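Colleague: Got a structure here, written out as structure tokens. Questions coming.
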Amino acid sequence: MKDKFFLDTNIIVYSFDKRDPQKQKIALNLISNALQDANGIVSYQVIQEFVNVALRKFQTPLSMDDCQKYLNIVLEPLCYVFSSFELFHQAIEISERWQFSFYDSLIIGAALQSNCNILYSEDLQHKQKIQTLEIVNPFLH
């Protein structure tokens, strides 16, 4: 069985970014592998952040209909971590211990709760280990 991995919001956003074809290709491959092998995870937070960006900040925002379709076909099958007080407490501990922002700590906590070995993110320190989780920036050459 392949290792489980967590996709940060920026991976999902880059899958729509035609301005950077290399990042888009990498992001699309990660999402495709996540769905095909059923080993990729996102959290409620990733979905919230993505939908906000897709509807308001994309160069050409997604229509409500397209956003609903993407939510149903891609994000819903990957979402296994939802808001909980356990996650909030864990995020506070992570933030205090490793000095991440609370929102980044929620992402890290969600990845840990879902037993992922890898957190793909451009925003965090590449190769940093947090407990059993390794942060990997897939866009580094």
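Colleague: Applying the selection to the range 2-26, what residues are surrounded by 22 or more Cβ atoms within 10 Å (Cβ to Cβ), under 21 Å from PHE58 (Cβ atoms) and either free of Cβ contacts under 8 Å to residues at least 40 places away in the same chain or not aliphatic (A, V, I, L, M) (or both)?
Modeller: The first filter runs over the range 2-26 and keeps only residues surrounded by 22 or more Cβ atoms within 10 Å (Cβ to Cβ), leaving 5-12, 14.
From what's left, under 21 Å from PHE58 (Cβ atoms): 7-12, 14.
Hits for the range 2-26 are ASP8, THR9, ASN10, TYR14.
Colleague: Let me ask something else about it. With the structure loaded, tell me whether ASP66 is at negative phi and free of Cβ contacts under 8 Å to residues at least 12 places away in the same chain or whether it fails that test. Working first, answer last.
Modeller: On the way: at negative phi: yes; free of Cβ contacts under 8 Å to residues at least 12 places away in the same chain: yes.
Taking the combined requirement at face value, the residue satisfies it.
Colleague: Would you confirm whether any residue within the range 32-53 is more than 13 Å from the chain's Cα centre (by Cα), among the aromatic types (Phe, Trp, Tyr) and either surrounded by 18 or more Cβ atoms within 10 Å (Cβ to Cβ) or closer than 20 Å to TYR14 by Cβ (or both)?
Modeller: Looking for residues that are more than 13 Å from the chain's Cα centre (by Cα), among the aromatic types (Phe, Trp, Tyr) and either surrounded by 18 or more Cβ atoms within 10 Å (Cβ to Cβ) or closer than 20 Å to TYR14 by Cβ (or both), one finds none in the range 32-53, hence no.
Colleague: Let me ask something additional. List every residue pair whose Cβ atoms lie under 8 Å apart, where the two residues are 6 or more positions apart in sequence or sit on different chains, the first residue falls within the range 129-141 and is farther than 11 Å from ALA111 by Cα, and the second residue, located anywhere, is hydroxyl-bearing (Ser, Thr, Tyr).
Modeller: Cβ pairs passing all conditions: VAL136/TYR120; VAL136/SER121; ASN137/TYR120; ASN137/SER121; PRO138/TYR120; PHE139/TYR14.
Colleague: Among the residues of the range 114-133, count how many are assigned to a strand (DSSP E or B) and either crowded, with 16+ Cβ neighbours inside 10 Å or touching a helix residue (DSSP H, G or I) at 6+ places or on another chain (Cβ under 8 Å) (or both).
Modeller: Kept after step one, since they are assigned to a strand (DSSP E or B), are these residues of the range 114-133: 118-120, 129-130, 133.
Applying the additional criterion that residues be either crowded, with 16+ Cβ neighbours inside 10 Å or touching a helix residue (DSSP H, G or I) at 6+ places or on another chain (Cβ under 8 Å) (or both) yields 118-120, 130, 133.
Looking only at that region, the number is 5.
Colleague: Checking GLU96 against (1) out of contact with any Pro (no Cβ under 8 Å at 6 or more places or on another chain); (2) outside any loop (DSSP other than H, G, I, E, B); (3) surrounded by 18 or more Cβ atoms within 10 Å (Cβ to Cβ): exactly one of these is not met. Which one?
Modeller: (3)
Colleague: Something else about it: Name the one entry in ILE107, ILE47 that is among the aliphatic types (A, V, I, L, M), touching a residue at least 40 places away in the same chain (Cβ under 8 Å) and closer than 26 Å to LYS25 by Cβ.
Modeller: Numbers: ILE47 fails: touching a residue at least 40 places away in the same chain (Cβ under 8 Å).
One residue alone meets the criteria, ILE107.
Colleague: Could you tell me how many of the residues in the range 14-53 are assigned to a helix (DSSP H, G or I) and closer than 13 Å to PHE139 by Cα?
Modeller: Kept after step one, since they are assigned to a helix (DSSP H, G or I), are these residues of the range 14-53: 14, 21-37, 44-53.
Checking which are closer than 13 Å to PHE139 by Cα leaves us with 14, 21-30.
Residues meeting the conditions: 11.
Colleague: Another question, then. Would it be correct to say that PHE58 is under 30 Å from HIS141 (Cβ atoms) and in a strand (DSSP E or B)?
Modeller: Numbers: under 30 Å from HIS141 (Cβ atoms): yes; in a strand (DSSP E or B): no.
The answer is no for PHE58.
Read the figures in this text as sums done on the coordinates, not as results from a lab. These numbers come from a predicted model, not from an experiment. Note that we place each Cβ from the backbone using ideal geometry, even for glycine, and neighbour counts take in every protein chain shown.
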